[in-house]
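Okay, so here's the structure we're looking at.
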Amino acid sequence: MNFNKIDKSIETERLLLRLFKDTDAQQVSHYCNNYNIYKSTLNLPFPYTLACAQTWIANHEKHYDLDKMFEFAITDKQSGQLFGAIGISNHQQYKNGEIAYWIAEEHWGKGYATEAAKALIEFVFTEKNYHRVYARYFKSNPASGKIMEKCGMHYEGTLKDHIYKNGTFEDIVFYGILNTLK
């Protein structure tokens, strides 16, 4: 992981995690207006319009500058192609944050979310002094849990029937990791 403080970006072997730009809104809208992404995420609306993308992107840099949340576009380091998004909240008083991500369906299974998540976890542990990172996923989306495991996160528990979405109750599975880099 190579963090560029000036550009507010993180570079990995294949990826560049950077702040979203207004010009990304059309692609974000296209990627997120997908029922398969919607059904496995907690907060994405469906349908996902251009206005949704523009509103979502509008405050990213402000959140970053205020150390409130760090939200990045997951892009190809060489071509700049957008693959998805990753973000982490910053609960400063508790020295922790929740990581979340989505990858466009046509880019699933290529390891982009795992690579981005590993880099973001290292970033918050080394640059932002987090003590802990946690994540949660719908039990019906085990692929997300596999990403968490590949990042060194450990199973912490399941909340049964915790979320009601699309006419059914969903279990939420929690994973976490402690900062051992200190």
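Calculate the length of the line joining the C-alpha centroid of segment 54-84 to that of segment 91-114, in whole Å. Value for the Cα centre distance between the two parts: 12 Å. The HN-Hα couplings worked out from phi for segment 33-45 by the Karplus form 6.51 cos²θ - 1.76 cosθ + 1.60 (θ = phi - 60°) are 7, 9, 4, 5, 6, 3, 5, 10, 10, 7, 10, 6, x Hz, whole numbers, x standing for Gly and Pro. Residues of segment 93-116 with amide nitrogen under 19 Å from the 7 Å Cα-to-Cβ point of Arg132? Of the residues in segment 93-116, 93-100 have backbone N under 19 Å from the label point off Arg132. Proximity of backbone amide H atoms, modeled 1.01 Å from N, is registered between Leu19 and Ala73 at under 5 Å, excluding neighbours fewer than 5 places apart on the same chain. Here Leu181 and His91 are evaluated by their C-beta separation; at R0 = 22 Å the FRET efficiency comes out at 0.75.
For Glu170, the shell of other residues with beta-carbons less than 13 Å away shows a net charge of +3, using +1 for Lys and Arg and -1 for Asp and Glu. Other residues within the sphere of radius under 14 Å centred on the Cβ of Ser89, judged by their own Cβ, net out at +2 (K and R +1, D and E -1). Exceeding 27 Å between C-alpha atoms, which entries from my cross-link table qualify? They are Lys21/Lys68; Lys8/Lys160; Lys118/Lys139; Lys62/Lys146; Lys95/Lys150; Lys62/Lys95. Table pairs above 27 Å Cα-Cα are Lys8/Lys160; Lys62/Lys146. For Tyr130, the residues 5 or more places off, or on other chains, whose built amide H falls under 5 Å of its own are Phe125.
Quick note: the coordinates plus some simple rules give every number you see, no bench work behind them. Keep in mind the model is a prediction, meaning the values are calculated, not measured. Using ideal geometry, Cβ is built from the backbone for each residue, glycine included, and neighbour counts are taken over all protein chains shown.
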